[in-house]
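Data first, discussion second: the structure below is written as structure tokens.
The values are calculated or read from the model by the stated rules, or taken from the named source; none is laboratory data. From a predicted model like this one, the values you see are computed outputs, not experimental measurements. As a convention, Cβ positions derive from the backbone with ideal geometry for all residues, glycine included, and neighbour counts pool all protein chains shown. Protein only, heavy atoms only, side chains kept; ligands, DNA and RNA dropped before computing areas. Shrake-Rupley method; radii C 1.70, N 1.55, O 1.52, S 1.80 Å.
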Amino acid sequence: MLIVIKKNYEEMSLEAARVVSETVREKPSSVLGLATGSSPLGVYKELIRMHKEEGLDFSKVTTFNLDEYIGLAPSHPQSYHYFMQESLFKYINVDERFIHIPSGMADVNDVNRIHRYCGWYEEQISKGGGMDLQLLGIGANGHIGFNEPGSSLGARTRIKTLTQQTREDNARFFNNDMNKVPKYAITMGVGTIMESRIVLLIASGRQKAEAVKKTVEGPITAMVPASIVQMHRKAILIVDEEAGSLLGLQHEQIVTDLE
Ligand code: F6R
């Protein structure tokens, strides 16, 4: 695992955007796995700048988002469909036919249908040749996507019940009204994520430091789903100083440019 420690959120974002843009420049028809949340906002901002000022071309890129809340229509301001449009897609030249985000309109009681839908999502990823790069944020409890602690490390795209901690963490986006925070989500599984050729995990802020330490220093456990990235052949972890503050400096591939 390559660990890069940057000074702050902005530097972390620029470095991660550089890795994404290199992937797209090397292979214009790249398949990108994308994340939502606060962590990737700076990366998306920089990719938009690169598109506008440097002509970074997304016209042949295919995207697959990690997850979506169940019960939110694409037009809901807190849906991940809406987030992706507003934070990235509407500012770059990605072809909307190549955008994939799990549907939030599933009926939680129709388990068979959800199961078939998740299988279809996986098939689309395979048909696209698999992901070249998966961008990930990390939850304070070590979740990736909505794979909460205890999730099977081999799992594929499926429906998951959100933990109380994740719902509380996300309540800020729903006027702090827990009744409005969805209880379920569709998420790529850890197994799906691990098949991406590059896994790029970003984390910023002191509240992520514990999860980052457990991810990097192990043990590998389903109780910290992100810890599985230790097994990935090309995992890149870009964190800011606060998120990396609990890491021992004994790691071989650690790169810091802190003064
Ligand atoms: C988002 C996702 C989540 C977030 C994680 C961190 O698509 O899958 O795993 O990456 O909850 O969220 P932020 O970045 O808001 O701290």
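Numbers for the structure displayed
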{"quantity": "For the stretch 1-62, alpha-carbon Rg over 2.2 N^0.38 Å", "calculated": "1.12"}
{"quantity": "Cα gyration tensor shape of the chain, rounded if a/c is under 1.5, else prolate or oblate by comparing a/b with b/c", "calculated": "rounded"}
{"quantity": "Percent accessible area from carbon and sulfur atoms, the stretch 2-257, protein chains only, probe 1.4 Å", "calculated": "50"}
{"quantity": "Nearby lysines by direct alpha-carbon distance to Lys180 (threshold 23 angstrom, same-chain neighbours under 8 apart not counted)", "calculated": "Lys160"}
{"quantity": "Sequence ranges 28-38, 218-228, ranked by mean other-Cβ count within 10 angstrom, highest first", "calculated": "28-38, 218-228"}
{"quantity": "Per residue solvent-accessible surface (Å²) - the stretch 1-112, probe of 1.4 Å", "calculated": "45"}
{"quantity": "For the stretch 77-202, convex hull volume per residue from C-alpha positions, Å³", "calculated": "126"}
{"quantity": "MRE, 222 nm, helices only [DSSP H, n ≥ 4, -39500 (n - 2.57), over the chain, to nearest 500]", "calculated": "-9000 deg cm²/dmol"}
{"quantity": "Accessible area (Å², 1.4 Å probe, nearest 10) - Leu2", "calculated": "60"}
